Structures are given as C-alpha cells and as structure tokens.
Amino acid sequence: MDGSGLGVRRAVGFVAPALVLIGVFLVFPALWTLYIGITNYQLTGPAAANPRVVGLDNVVNAVRDPLFTNSVWLTALFVLFSAVIGQNALGFGLAWLLRTVRPWLRRTVEAFVLLSWILPGTVVAYLWFAVLSRDTGTLGLLLGQPETAWLVQYPMTSLIIFNVWRGTAFSMLLYTSALAAVPPSQLETARLVGASGWQTVRDVVFPHIRGHVLTNTLLISLWTANDFTPFLLTAGGPNHRSEVLPVLIYRQALEGGQLGYASAMSILLLLGNLVIALVYLRLLRRRA
C-alpha cells in the first residue's frame with residue numbers, strides 16, 4: 001500500500017488507459033517511423049510488400065538532397081520571422097498595451113485575437129486564400145492591385161504574416177499572465193524616475209518574465225516548425241519556394257510514395273526539434 005492508500009494494482013488501473021493511449025498513438029508510431037526510416041519502404045510496388053533495410057542511406061540522401069536543404073532553410077526562416085520574432089513581439093505588445101485599457105475593450109480585442117487561434121486550420125487557410133488570391137482577392141482589391149498573386153509572387157512572406165496573425169493569441173495569453181506577476185510598485189517607481197517604455201520593459205519587466213519568454217519561444221518554435229497549414233495555402237509552391245519541412249515530408253511520402261525516405265526526413269526534423277528544446281532548456285537552467 002502506497003501513501004495515497006490506493007495500492008499498486010489500483011494505481012496501475014487508473015493510469016493504464018492513459019498508458020495504452022500513449023503507447024498506441026505516440027510510442028508505436030514513433031518506433032514505426034524509426035524502423036521504416038532505415039528501409040526502402042514505399043507506398044506501392046514491390047518495396048511496399050517486402051521492404052529492405054538500407055541503414056542510414058535515406059538520411060545521407062536527404063542531407064544531400066537540394067529539396068531537403070531548401071526546406072530546412074525555409075523552415076528556419078518561417079520559425080524565426082513568424083514565431084520567434086512575429087508572434088513573440090506582437091503577443092507581448094498586445095499584452096502590454098491591453099493592461100491599461102478599459103475592460104470591455106480588452107475583452108473585445110482578446111476575443112478577436114483568440115478567434116483566429118481557435119478556428120480550424122482549414123477554415124483559416126480558406127479565409128486567407130480568399131484574401132490573398134488573384135483577381136478576386138480582398139487585399140488586392142483594397143490596394144488597387146487585383147492582378148497581384150500574393151501567394152505566387154510572395155509565398156513565404158504571405159505564410160509568415162499568416163502564421164503571425166493566426167498564432168499570436170497564445171503568446172498574448174501567456175504574456176498577459178506573466179505581466180500580472182510584475183510588482184506594480186516597481187512599475188510605478190520606473191514611471192516616477194522618468195523611465196521610458198522601453199527602459200521599463202528592459203530593466204523592470206523582462207527580468208521578471210524571462211522564464212515565460214523562453215517557455216513561450218520554445219513552444220511556438222516547435223509548433224511552427226511542425227505546422228502543416230502552409231500546405232493548405234501554397235502546397236509548397238511555386239517551384240518549392242514555400243516548401244517547409246512538413247510539406248516536403250508529406251509530398252515525399254504520399255505524392256512520391258517514398259515512405260522510408262520521408263520517414264528519414266521526419267527523424268531529422270525530430271532531431272532538430274530536440275536540439276532546439278535542449279538549447280531553450282539550457283537557457284532556462286541558467287536563469288535558475
């Protein structure tokens with residue numbers, strides 16, 4: 001009998017359903033991906049029935065593939081400008097500005113920002129496609145340039161702006177909570193000594209919310225690096241100019257039928273995520 005009085009068997013019984021779900025939907029797919037990543041497994045053909053182990057050949061071929069290196073570069077740009085800079089800055093800016101406005105205005109702004117985050121990705125992508133499409137797009141008509149095909153001429157810029165708009169809500173909520181923990185007396189002291197807004201944020205606010213900044217940046221970076229929504233807007237085009245890693249992996253697996261090769265790319269993406277997570281965790285540990 002343990003300290004809770006449940007006993008080992010009852011405790012195992014309580015956690016067993018969760019462990020089964022984790023095993024079926026997380027552990028097994030991960031192990032299966034690792035396995036087929038070292039084979040020539042394909043969607044159809046002889047290799048679909050009898051895959052052959054090829055070791056690290058898929059990984060080596062991926063690293064040498066210009067499409068893969070192009071996708072790594074585009075994914076890095078996508079994460080940096082839409083998540084690390086865009087969502088972070090806009091989320092903090094909204095949280096900072098909404099502190100002092102009237103409650104009804106704050107709730108209204110927060111509701112509209114949250115709406116873009118909670119709507120299904122397919123719905124949001126369709127709305128933005130309607131805004132950015134050529135000839136009948138809302139943005140082109142408003143700017144008097146209906147002939148501009150934004151998703152074709154500026155695919156990555158469009159995706160970055162789209163992701164900032166869609167994902168800012170999480171950063172705003174997290175920073176709103178973090179700012180509530182900053183002692184009002186310190187903010188008042190900074191105001192009395194004539195500190196500017198930037199000086200107040202840098203010298204008073206940031207030391208209190210540094211951990212929140214790192215946690216938020218870690219989460220939105222990982223979410224953005226694995227986001228498949230860009231496929232709904234540009235499908236990786238034109239000419240691979242917006243083909244971030246999740247889109248490339250999808251196209252290699254389901255359009256090209258190269259499941260083993262795509263799984264090797266997935267493993268490399270996973271390793272990249274782990275490196276990012278370890279860097280942020282190290283920074284958090286230094287803070288502690």
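Observations on the structure shown:
- Treating each Cα of segment 214-282 as one equal point scatterer and applying the Debye formula with no solvent, the log10 of I(q)/I(0) at q = 0.28 Å⁻¹ comes out as -1.17.
- P(r) of segment 1-113 over all Cα-Cα pairs, binned every 5 Å from zero, in whole percent: 2, 9, 8, 8, 9, 9, 9, 10, 12, 12, 8, 3, 1, 0
- Point-to-point label distance, L67-W117, nm (Cα→Cβ direction, 7 Å offset): 3.5
- Compactness of segment 144-288 - radius of gyration and Dmax, Cα, Å: 20.5, 66
- Listed values [x] 41, 28, 16; [y] 30, 24, 18; [z] 38, 31, 18, entry calculated as semi-axes √(5λ) of the Cα gyration tensor in Å: [z]
- Its residues counted as N, segment 198-242 yields a C-alpha radius of gyration over 2.2 N^0.38 Å of 1.82.
- If a spin label sat at a point 7 angstrom from the Cα of T136 along the line to its beta carbon, the backbone N atoms of segment 211-237 nearer than 20 Å would be those of 232-235.
- Pairwise alpha-carbon distances in segment 97-150 exceed 15 Å for 61% of all pairs.
- One way to sum up the overall shape of segment 124-192 is the equivalent ellipsoid from its Cα gyration tensor, whose semi-axes run 40, 14, 9 Å, largest first.
Every read-out reported here was derived from the displayed coordinates using simple, explicitly stated rules and does not represent laboratory data. Source: prediction; values computed, not measured. Positions of Cβ are backbone-derived with ideal geometry, glycine not excepted, and every protein chain shown enters the neighbour counts.
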